[in-house]
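Before any comments, here is the structure.
The values are calculated or read from the model by the stated rules, or taken from the named source; none is laboratory data. Bear in mind the structure is a predicted one, so any value in this text is a computation, not a measurement. Cβ atoms come from the backbone with ideal geometry, glycine included; neighbour counts cover every protein chain shown.
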Amino acid sequence: MSEHEATSTEARVREALDSIRDAIQMDGGDVEFVSYDELSKTVFVSLQGACVGCPASVMTLKMGIERAIKKVAPDVEYVEAV
(Lines give C-alpha, C1' and ligand atoms only; values in the text may rest on other atoms or scores of the structure.)
Protein backbone atom coordinates (compact mmCIF):
# COMPACT_ATOMS: atom_id res chain seq x y z
CA MET A 1 0.00 0.00 0.00
CA SER A 2 1.40 3.38 -0.93
CA GLU A 3 1.77 6.34 1.42
CA HIS A 4 -1.14 8.04 -0.38
CA GLU A 5 -3.42 5.03 0.19
CA ALA A 6 -2.60 4.97 3.90
CA THR A 7 -3.38 8.67 4.12
CA SER A 8 -6.58 8.09 2.19
CA THR A 9 -7.59 5.30 4.59
CA GLU A 10 -6.83 7.55 7.55
CA ALA A 11 -8.89 10.37 6.05
CA ARG A 12 -11.84 8.03 5.48
CA VAL A 13 -11.55 6.71 9.05
CA ARG A 14 -11.53 10.24 10.45
CA GLU A 15 -14.64 11.08 8.37
CA ALA A 16 -16.40 7.96 9.69
CA LEU A 17 -15.59 8.94 13.28
CA ASP A 18 -16.85 12.47 12.66
CA SER A 19 -20.10 11.05 11.27
CA ILE A 20 -20.88 9.15 14.50
CA ARG A 21 -19.30 11.52 17.02
CA ASP A 22 -22.57 13.38 17.74
CA ALA A 23 -24.34 10.16 18.72
CA ILE A 24 -21.50 9.15 21.04
CA GLN A 25 -21.32 12.63 22.58
CA MET A 26 -25.07 12.56 23.28
CA ASP A 27 -24.31 9.76 25.75
CA GLY A 28 -21.45 11.73 27.33
CA GLY A 29 -18.62 9.97 25.53
CA ASP A 30 -16.30 10.60 22.63
CA VAL A 31 -13.94 8.76 20.32
CA GLU A 32 -10.60 9.96 19.01
CA PHE A 33 -8.50 8.57 16.15
CA VAL A 34 -5.09 7.42 17.40
CA SER A 35 -3.45 5.64 14.45
CA TYR A 36 -3.80 3.27 11.53
CA ASP A 37 -1.41 0.34 11.13
CA GLU A 38 -1.49 -0.59 7.46
CA LEU A 39 0.40 -3.87 8.00
CA SER A 40 -2.21 -5.31 10.36
CA LYS A 41 -5.00 -3.21 8.79
CA THR A 42 -5.95 -2.08 12.30
CA VAL A 43 -7.36 1.26 13.37
CA PHE A 44 -6.61 2.33 16.93
CA VAL A 45 -9.04 4.68 18.66
CA SER A 46 -9.31 6.16 22.12
CA LEU A 47 -12.68 6.08 23.87
CA GLN A 48 -13.19 9.07 26.15
CA GLY A 49 -15.61 10.55 28.64
CA ALA A 50 -18.51 8.33 29.67
CA CYS A 51 -17.25 5.59 27.31
CA VAL A 52 -14.33 4.90 29.67
CA GLY A 53 -15.39 2.03 31.89
CA CYS A 54 -18.90 1.84 30.43
CA PRO A 55 -20.15 -1.73 30.09
CA ALA A 56 -21.65 -0.86 26.69
CA SER A 57 -18.35 0.51 25.32
CA VAL A 58 -17.45 -2.84 23.71
CA MET A 59 -20.79 -2.82 21.89
CA THR A 60 -20.26 0.82 20.90
CA LEU A 61 -16.80 -0.04 19.59
CA LYS A 62 -17.83 -3.11 17.59
CA MET A 63 -21.36 -2.32 16.41
CA GLY A 64 -21.06 1.45 16.07
CA ILE A 65 -17.50 2.61 15.52
CA GLU A 66 -16.14 -0.46 13.71
CA ARG A 67 -19.21 -0.73 11.48
CA ALA A 68 -19.00 2.97 10.51
CA ILE A 69 -15.28 2.70 9.73
CA LYS A 70 -15.57 -0.50 7.66
CA LYS A 71 -18.42 1.01 5.66
CA VAL A 72 -16.18 3.79 4.31
CA ALA A 73 -12.82 2.00 4.56
CA PRO A 74 -13.39 -1.69 3.74
CA ASP A 75 -9.62 -2.29 3.73
CA VAL A 76 -9.68 -1.93 7.54
CA GLU A 77 -9.97 -5.33 9.22
CA TYR A 78 -9.81 -4.47 12.92
CA VAL A 79 -10.69 -1.58 15.21
CA GLU A 80 -9.08 -1.57 18.66
CA ALA A 81 -9.49 0.75 21.63
CA VAL A 82 -6.26 1.83 23.31
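Some points to look at:
- Members of segment 67-79 that are surrounded by 14 or more Cβ atoms within 10 Å (Cβ to Cβ) and more than 19 Å from Met26 (Cβ to Cβ): Ile69, Lys70, Val72, Ala73, Asp75, Val76, Val79
- Residue that is nearest to Glu15 (Cα to Cα), among those in segment 33-67 that are in a loop (DSSP other than H, G, I, E, B), touching a residue at least 24 places away in the same chain (Cβ under 8 Å) and of a type in the set (A, V, I, L, M, F, W, C): Cys51
- Condition broken by Asp30, with the remaining ones in (1) surrounded by 12 or more Cβ atoms within 10 Å (Cβ to Cβ); (2) part of a helix (DSSP H, G or I) satisfied: (2)
- Sole exception among (1) among the hydroxyl-bearing types (Ser, Thr, Tyr); (2) modelled with pLDDT of 95 or more; (3) buried (at least 18 other Cβ atoms within 10 Å of the Cβ) for Thr60, by number: (2)
- Matching residues in segment 38-55 - criterion: being over 13 Å from Ile69 (Cα atoms), of a type outside the set (S, T, N, Q) and surrounded by 14 or more Cβ atoms within 10 Å (Cβ to Cβ): Glu38, Leu47, Ala50, Cys51, Cys54
- Flag if Pro74 is in a loop (DSSP other than H, G, I, E, B), more than 14 Å from the chain's Cα centre (by Cα) and not aromatic (Phe, Trp, Tyr): no
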